[in-house]
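So the structure is just underneath, and the comments pick up after that.
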Amino acid sequence: MSVLEVHNLQTHFFTDAGVVKAVDGVDFALNEGEVLGLVGESGSGKSVTGFSILRLVDPPGRVVGGHIMFRGQDLAQLPEAEMRRLRGNKIAMIFQDPMMTLNPVLRIDTQMIEAVRAHEKVSAKAARDRAISALAKVGIPSPAERLDAYPHQFSGGMRQRVAIAIALLNGPDLIVADEPTTALDVTIQSQILAEIQELARDTGTALIWITHDLAVVAGLADRVAVMYAGRIVETGQTDAVLTAPGHPYSVGLLGSIPGHGQRGERLTQIPGMAPNMAHLPPGCAFAPRCFNADERCRSDAPGIDEIDTGRALRCHHPLITPGVSA
Amino acid sequence: MLVYLLRRIAQSIFVALAMMVIVFFGIYMIGNPVDILISPDATPREIEETMARFGFDQPIYIQFFTFVGNALQGDLGRSFVHGESAVTLILHYMPATLELAALGLFFSVLIGVPLGVYAGYKADKWQGRAIMTGSIFGFSLPNFWVGMLLILIFAVELRWLPSTGRGDTVDVFGIRLSIFSENGLQYMILPALTLALYKASLVTRLARAGTQEALVQDYVKFARAKGVSETRILFVHVLKNIMIPIVTVLGLELGSMIAFAVVTETVFAWPGMGKLLIDSILTLDRPVIVAYLMMTVLIFIVINLVVDIVYTILDPRVRVTGGTA
């Protein structure tokens, strides 16, 4: 059963330099317990997509169109008070920088207990007990004592574990994780990835994992959606997309992972820069950087085509033929 | 923490010593107290006797060391006018000023913090702009004018509150205070509001700037992602973060409120230290002026020390352990 269905999501930023269509017609669906990797470069709109689901886009940004169906409710239409009741309760979020997400002047217990008591009328003692077990679940040693500490007494990795524990407190149906391991060093990163995977599997929580790192997605996600310039350009089962990418942009992303090619070989890179979102080219947004682009790409924007079950591409010249990919 | 405190106290002693030098020599430069103390038709013998009695015949450095020596024993001389010990005299007037300043400070926080936080929250809306415009009045209206206006409205026209004087007092540990008697409190409201208006505007602006800065921080967004209510975000998450600059400024302002409540005390005929200072300057009552200035220095030092301690309560990151200060 699907937990979340996003249809034609549009989030625009109304800046002095013009309207920036950070998210411009994104569709995807997520089943219970499923992990979706949302991949793209900086500025591709992947984080804004995540914040749009929680309706936490900062002004001048605004969700201007589309539907965000969460368990049959359209979050895009929900009054703010009801949205607040869902946040942290049914839908939780983990942020990118663990050094910034915890309030520096409040103790960990304050910040955890308030997350429980914002949604349930429980005693402070009961909320505290739940906080202790959440901290234990994410692998924080002697959680009862650590609860009295302040954020600055934790390392970056530990702080991210606390943030994850907070996300888990109310047993959400969906967690949106916005590059939660990017700011951590590699060993901590792999530990946390393994823990998250296990927790999501045990609790049946669906997970949207936003990242620019395909290596992370490879080990974690069931499905992957590649974003470019505010749109999903390719989506499919993780294995399928990683072994046989169909969009030239996905090929470029995969080629730029170190260790993928032969030793001594130059890393491939995608030529050019991520586009200026306020002035996108008329045709395919990726055309100016694409090795495969022709006149048609520069004038008509391609639509998204489902070329196989669960496999869709937004390209005039896909690099795989229908039926062969799966 | 203890080491840190001791170090701070040692620093404070140096400040106090430096102030002694400045105050003593500064006051020595103005006027000759003998002109006031001795009648013009006194004989030279009488003049000499008086000079000797007050020690004015000694070289200035001897006078200074006598002054320091006495000061260290808590003796800052006798008032030429009242004949009483200057310290006793000031201590007699101090409670009135202290309680007025305390109530003024309370009012300025009570008014300034919520207004500022709200103005920061609604920074681009008309509410925020209106509060900011209002605070300009708080800054620019002169104290004595505000005082007279308040008297005119609340005492003369509406007859809600008394205009001048101190009202009933209650003895608390031998100190006469009005703040604990209902009648006395009524007398305090107008002068305290007058004192508070400027500080409240200052606090409003500080709180607004801090709130605007804090609201865009990740921890606020994360608190929202937890489903915490906006009220709790503003008055727990944001407020605790913005209290540090506010406490710093209020600490300094409390000092100035105690030391320079002169104008307000004069307008409301409030029998505090400010009025005593003005009278002493007019009569060149040197020991009282010196004692007043020294007490002011002491008050500032104590307030700063308290502010530093309050920091450690507000911000766990500056909490010092052992010798690492």
Segment A:64-99 - residue that is surrounded by 20 or more Cβ atoms within 10 Å (Cβ to Cβ) and β-branched (V, I, T) and, of those, farthest from the other protein chains (Cβ to nearest Cβ): A:I68
Filtering segment A:235-252 down to residues that are buried (at least 22 other Cβ atoms within 10 Å of the Cβ) and more than 15 Å from the chain's Cα centre (by Cα) yields A:G236, A:V241, A:P245, A:G246, A:H247, A:P248, A:Y249, A:S250
Might you let me know whether segment B:176-192 holds any residue that is within 14 Å of chain A (Cβ to nearest Cβ) and closer than 24 Å to B:I136 by Cβ? no
If you go through segment A:188-215 one residue at a time, how many are among the β-branched types (V, I, T) and more than 12 Å from the chain's Cα centre (by Cα)? 5
As an exercise: evaluate B:G138 against (1) among the small types (G, A, S); (2) over 25 Å from the mean Cα position of the chain (by Cα); (3) outside the structural domain of B:P44 (by TED's automatic domain parsing) and give the number of the one condition it does not meet. (2)
1 or more residues surrounded by 15 or more Cβ atoms within 10 Å (Cβ to Cβ) and away from chain B (no Cβ under 14 Å): qualifying helices (runs of 4 or more DSSP H) within segment A:100-204: A:124-137, A:143-146, A:156-168, A:186-203
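The rows are residues; the columns are (1) of a type in the set (G, A, S); (2) under 21 Å from B:L314 (Cα atoms); (3) over 19 Å from the mean Cα position of the chain (by Cα); (4) not assigned by TED's automatic domain parsing to the domain that holds B:D308.
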| residue | (1), (2), (3), (4) |
| --- | --- |
| B:A209 | yes, yes, yes, no |
| B:Y219 | no, yes, yes, no |
| B:A223 | yes, yes, yes, no |
| B:G227 | yes, no, yes, no |
| B:K240 | no, yes, yes, no |
| B:T248 | no, yes, no, no |
| B:M257 | no, no, no, no |
| B:A261 | yes, no, no, no |
When residues of segment B:283-297 are filtered for being over 11 Å from B:L89 (Cα atoms) and out of contact with any Ser or Thr (no Cβ under 8 Å at 6 or more places or on another chain), how many remain? 9
Looking at segment A:4-42 only, could you name the residues that are part of a loop (DSSP other than H, G, I, E, B), touching a residue at least 40 places away in the same chain (Cβ under 8 Å) and more than 21 Å from A:T203 (Cβ to Cβ)? A:A17, A:G40, A:E41, A:S42
For segment A:118-154, give me each residue that is within 18 Å of B:K226 (Cα to Cα) and of a type in the set (K, R). A:K121, A:R128, A:R130
State the number of residues belonging to segment B:298-319 that are under 16 Å from A:Q153 (Cα atoms) and more than 11 Å from chain A (Cβ to nearest Cβ). 1
If we keep only residues of segment B:253-268 that are hydrophobic (A, V, I, L, M, F, W, C) and in contact with a Lys or Arg (Cβ under 8 Å, 6 or more places away or on another chain), then the residue farthest from B:Y93 (Cα to Cα) is B:M257
From the residues in segment B:232-250 that are under 24 Å from A:I91 (Cα atoms) and of a type in the set (V, I, T), which one is nearest to the other protein chains (Cβ to nearest Cβ)? B:V236
Checked B:Y61, B:Y121 against criteria (at pLDDT 85 or above and either surrounded by fewer than 14 Cβ atoms within 10 Å (Cβ to Cβ) or not polar (S, T, N, Q) (or both)); the one match is B:Y121
Checking B:R78 against (1) farther than 14 Å from B:L202 by Cα; (2) assigned by TED's automatic domain parsing to the domain that holds B:V203, which single condition isn't satisfied? (2)
Restricting segment B:264-292 to residues that are under 21 Å from B:M148 (Cα atoms) and small (G, A, S), which is surrounded by the fewest Cβ atoms within 10 Å (Cβ to Cβ)? B:A269
Can you tell me which residue in segment A:220-234 is surrounded by the most Cβ atoms within 10 Å (Cβ to Cβ), limited to those that are under 11 Å from A:V35 (Cα atoms) and either charged (D, E, K, R) or free of Cβ contacts under 8 Å to residues at least 60 places away in the same chain (or both)? A:R223
Looking at B:A207, is it modelled with pLDDT of 90 or more, closer than 19 Å to A:D109 by Cα and surrounded by 20 or more Cβ atoms within 10 Å (Cβ to Cβ)? no
Close pairs (6 angstrom Cβ cut-off, 6 or more residues apart or separate chains): within 19 Å of A:N89 (Cα to Cα) and at the interface with chain A (Cβ under 7 Å from one of its Cβ atoms) in segment B:203-231, surrounded by 17 or more Cβ atoms within 10 Å (Cβ to Cβ) and of a type in the set (D, E, K, R) anywhere: B:A225/A:R87; B:G227/A:R84; B:G227/A:R87; B:V228/A:E114
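The values are calculated or read from the model by the stated rules, or taken from the named source; none is laboratory data. The structure presented is a predicted model; accordingly, all values stated were derived computationally and were not measured. Every residue, glycine as well, gets a Cβ built from its backbone with ideal geometry; the counts of neighbours run over all protein chains shown.
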